[in-house]
Amino acid sequence: MIGSPFVLPPAPERLEVVRERVRLRPVVDADLEAMVRYRGDADVCRFLPFEPQTAEDIRGRIGHLFGGTSLEGERGGVVLAIEHLADGTVIGDLVIFHLDLRAGSAEIGWVVSPAASGQGLATEAVRALIDTAFAVYGLRRLVARIDADNARSLALAERVGMRREAHLVENEWFKGRWSDEVDFGILSREWVTGE
């Protein structure tokens with residue numbers, strides 16, 4: 001069997017992505033207070049794989065990724081704060097994780113504060129994340145797995161140009177119910193930078 005031709009480039013020493021209204025940068029401890037405001041909201045967490053979080057919960061779940069820029073390793077991944085350039089507030093966070101080195105593929109995800117909704121900031125941030133995954137990390141394919149009832153995230157994935165690839169019916173017992181999952185994907189060759 002011939003190995004995969006995919007080769008992951010070295011992780012950048014520093015990562016900062018600036019767009020018109022948002023900056024993406026690695027999450028640091030100083031971001032926890034802002035993150036608790038949205039990650040501690042039951043409505044925000046309704047479709048996420050965790051209950052409302054405290055600072056300690058966040059640190060326990062993703063703290064090992066704070067400040068990092070490497071996708072590699074058993075628990076590898078990159079978690080980025082979405083900073084609103086207008087006032088410097090953290091309005092959400094993004095993740096690239098579940099790297100599959102043979103396939104050159106990873107999963108992306110997002111958590112955005114309701115205070116930032118309806119302004120196009122999440123769309124701008126996720127587009128910047130996809131740009132980064134392809135241009136900086138050289139990934140070949142990205143996927144997003146979304147609860148079928150999470151209308152806002154489904155619409156966001158479609159808005160940024162991801163392809164709806166699968167609808168898994170009652171595939172997981174999730175928060176007291178059998179939930180459906182909708183899987184989206186996009187290949188680097190399909191992506192237009194800054195789309």
Over the chain, average the accessible area per residue using a 1.4 Å probe and give it in Å², no decimals.
51
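Quick one: divide the alpha-carbon radius of gyration of region 71-125 by 2.2 N^0.38 Å and tell me what you get.
Values: Rg = 13.4 Å, N = 55, 2.2 N^0.38 = 10.1 Å.
Against the empirical 2.2 N^0.38 Å value, I get 1.33 for region 71-125.
Which value, in nm² and rounded to one decimal, describes the direction-averaged projected area of the C-alpha convex hull of region 1-81?
Details: hull surface 31.6 nm².
Here the figure is 7.9 nm², rounded to one decimal.
What is region 114-195's relative contact order, in percent, from Cα pairs under 8 angstrom and six or more apart in sequence?
33
Using the C-alpha atoms of region 79-195, what convex hull volume per residue, in cubic angstrom, is computed? It would help to have the intermediate numbers written out before the result.
Details: hull volume 13.4 nm³, N = 117.
Taking the convex hull of the Cα positions in region 79-195, it is 115 Å³ per residue.
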Shape of region 106-158 from its Cα gyration tensor (a ≥ b ≥ c, root eigenvalues): rounded if a/c is under 1.5, otherwise prolate when a/b > b/c, or oblate?
oblate
Once the piece of chain linking Ala55 and Glu190 is laid out straight, how much longer is it, given 0.36 nm per residue of separation minus the C-alpha distance between them?
44.8 nm
Based on the alpha carbon coordinates of the chain, what radius of gyration and maximum Cα-Cα distance (Dmax) apply, in Å?
16.1, 53
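What relative contact order, as a whole-number percentage, does the chain give when Cα pairs under 8 Å and 6 or more residues apart are counted? Display every interim value, and only then the final one.
Details: 359 pairs, mean separation 37.3, N = 195.
This gives 19 percent for the chain.
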What list of ³J(HN,Hα) values in whole Hz, one per residue of region 131-141 in order, does the Karplus curve 6.51 cos²θ - 1.76 cosθ + 1.60 (θ = phi - 60°) give from phi, with Gly and Pro shown as x?
3, 5, 4, 7, 7, 8, 8, x, 5, 9, 8
Segment Ala135-Leu8, length gained on full extension (0.36 nm per residue, minus Cα span):
44.6 nm
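Considering only DSSP states other than H, G, I, E and B, which trypsin sites (Lys or Arg not before Pro) in region 1-86 qualify as loop sites with at most 11 other Cβ atoms within 10 Å? Walk me through the intermediate numbers first.
On the way: sites: Arg14, Arg19, Arg21, Arg23, Arg37, Arg39, Arg46, Arg59, Arg61, Arg75; in loops: Arg14, Arg19, Arg21, Arg46, Arg75.
Loop-located and lightly packed - Arg14, Arg75.
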For region 26-119, compute the orientation-averaged projected area of the C-alpha convex hull (one quarter of its surface), in nm².
6.6
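The values are calculated or read from the model by the stated rules, or taken from the named source; none is laboratory data. This structure is a prediction, so every number in the text was calculated from the model and none was measured. As a convention, Cβ positions derive from the backbone with ideal geometry for all residues, glycine included, and neighbour counts pool all protein chains shown. Heavy atoms of the whole protein, side chains included, go into the accessibility calculation; ligands, DNA and RNA do not. Shrake-Rupley method; radii C 1.70, N 1.55, O 1.52, S 1.80 Å.
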